[in-house]
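Following: one structure in structure tokens, then a few remarks.
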Amino acid sequence: AKALLSRLHVHKKSQPDIFIFTLPRSGSTLLAEVLNTDVSSKMSSEPFALHNDNRLVLEQYFDKGFLAERYVDLKPKERERLMKYLGDLSQGKTWNSFYWTDFFSKQHSFSTQRSIFKTHKLTYHFDDIMAELQDDFGIYLLRHPVSQALSRLRQGWTTYIEVYKKSEKIHPHLSKRAQQRISKIEKEGTDLEKMVLSWHLENYVFLKAWCMDHLSDQIVPVLYENLIGDSERTLTSICAKIEMEFSPQMLAVLRKPSSGIVHSSRETIGQIKSNNHDFLLERWKKEQNEIDQDYLSELQDILGLSGLKLY
């Protein structure tokens, strides 16, 4: 049914695609749905999700052994296939499983000229992808590491320290002290310490480029805290940079629960429906206040392991 619906969809790319690079529980679903109010846009949400129906598409492009929860160092052939898959999605030559969700949204249109890609698995490759797609735009969305880590821990999700710590773009840049500290946290750290460390490593490639002022003009850094706390100014700025017209409808969507709400608590859902978005920014701080100050210093030290000072 999804494949049939995607064939009925008329998609002819004539505008720049938008790629949202981020980690889960960072507000990417909300941001994607906000931008998808643009009638010329088609959602391509989580194209590498490993749901059964999405695997039917992925296995047309990749070997089963390639598919994973995160992607770091790729062989030339794997990278070529990855770009082929993204290119076919961009041109409307294939589909992904989340098209079904987009089909039933109020923002859905059967005739579109650009795609909005939301992906959680390609933060390590954001620079490589955008270097090949120079006519498109990338939004890199960050959420405070403690806030994001606490949210992931509530879901019982895992960390990806082992995947990233030995990767080609990260390992050579880590000092001996940093490598030793990472190993110690892996073996002896608390769940929160491990998740904050994973946040740091999963975002390392972007953080390094941003802190060293090496980002290209096609990359737009966005902080979740600004998206929620200073919505209109932040969205207006994003739209200006990605060549999309800002609409008040974007603010209306921003103030409603996104489809990512399935991972939220009843309290969070109620606060969003009450338009108390400050709750989303302040709740984790209340939890942090209950943490010992020495422990907070430990978390802060983790964020500074590679010398990239943010948050």
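The values are calculated or read from the model by the stated rules, or taken from the named source; none is laboratory data. Here the structure is a predicted model, which is why all the values come from computation and not from measurement. Quick reminder, even Gly has a Cβ in these numbers, built from the backbone with ideal geometry, and neighbours come from all protein chains shown. Surface areas here come from the heavy atoms of the whole protein model, side chains and all, with no ligands, DNA or RNA. Shrake-Rupley method; radii C 1.70, N 1.55, O 1.52, S 1.80 Å.
Picking from GLN15, GLN60, which residue would you name as being out of contact with any helix residue (DSSP H, G or I) (no Cβ under 8 Å at 6 or more places or on another chain), of a type outside the set (D, E, K, R) and under 20 Å from MET244 (Cβ atoms)?
The match here is GLN15.
Screening PHE62 on (1) part of a loop (DSSP other than H, G, I, E, B); (2) open to solvent by 30 Å² or more (accessible area, probe 1.4 Å); (3) of a type outside the set (Ser, Thr, Tyr) shows it passes everything except condition (2). If I filter the range 2-45 down to residues being of a type in the set (S, T, N, Q) and assigned to a strand (DSSP E or B), which single residue comes out as surrounded by the fewest Cβ atoms within 10 Å (Cβ to Cβ)? Per the stated criteria, the residue is SER41.
Taking the stated definitions as given, is GLU132 under 21 Å from the mean Cα position of the chain (by Cα) and either open to solvent by 40 Å² or more (accessible area, probe 1.4 Å) or of a type in the set (Val, Ile, Thr) (or both)? Walk me through how you get there before you give the answer.
On the way: under 21 Å from the mean Cα position of the chain (by Cα): yes; either open to solvent by 40 Å² or more (accessible area, probe 1.4 Å) or of a type in the set (Val, Ile, Thr) (or both): yes.
Considered against the rule, which asks whether it is under 21 Å from the mean Cα position of the chain (by Cα) and either open to solvent by 40 Å² or more (accessible area, probe 1.4 Å) or of a type in the set (Val, Ile, Thr) (or both), GLU132 comes out as yes.
The helices (runs of 4 or more DSSP H) located wholly in the range 83-188 that include 3 or more residues which are touching a strand residue (DSSP E or B) at 6+ places or on another chain (Cβ under 9 Å) and at pLDDT 95 or above occupy 126-132.
Regarding the range 152-159, can at least one residue be identified that is loosely packed, with under 13 Cβ neighbours inside 10 Å and small (Gly, Ala, Ser)? Among the residues of the range 152-159, at least one is loosely packed, with under 13 Cβ neighbours inside 10 Å and small (Gly, Ala, Ser), which makes the answer yes. Among the numbered conditions (1) closer than 22 Å to SER14 by Cα; (2) modelled with pLDDT of 90 or more; (3) of a type outside the set (Val, Ile, Thr); (4) in contact with a Ser or Thr (Cβ under 8 Å, 6 or more places away or on another chain), the only one that ASP73 does not meet is (1). Could you please let me know if THR22 is at pLDDT 90 or above, among the polar types (S, T, N, Q) and closer than 23 Å to ASP128 by Cα? When the stated conditions are applied, THR22 passes them. Selection of first residues in the range 112-130 that are closer than 11 Å to PHE19 by Cα and of second residues that are of a type in the set (Lys, Arg) and open to solvent by 10 Å² or more (accessible area, probe 1.4 Å), restricted to Cβ pairs under 6 Å at least 6 apart or on distinct chains, gives the following pairs, ordered by first then second residue: SER115/LYS42. Contact map, the range 55-73: first residue hydrophobic (A, V, I, L, M, F, W, C), second residue open to solvent by 80 Å² or more (accessible area, probe 1.4 Å) and modelled with pLDDT of 95 or more, Cβ cut-off under 8 Å, separation 6 or more or different chains; pairs are VAL72/GLU168.
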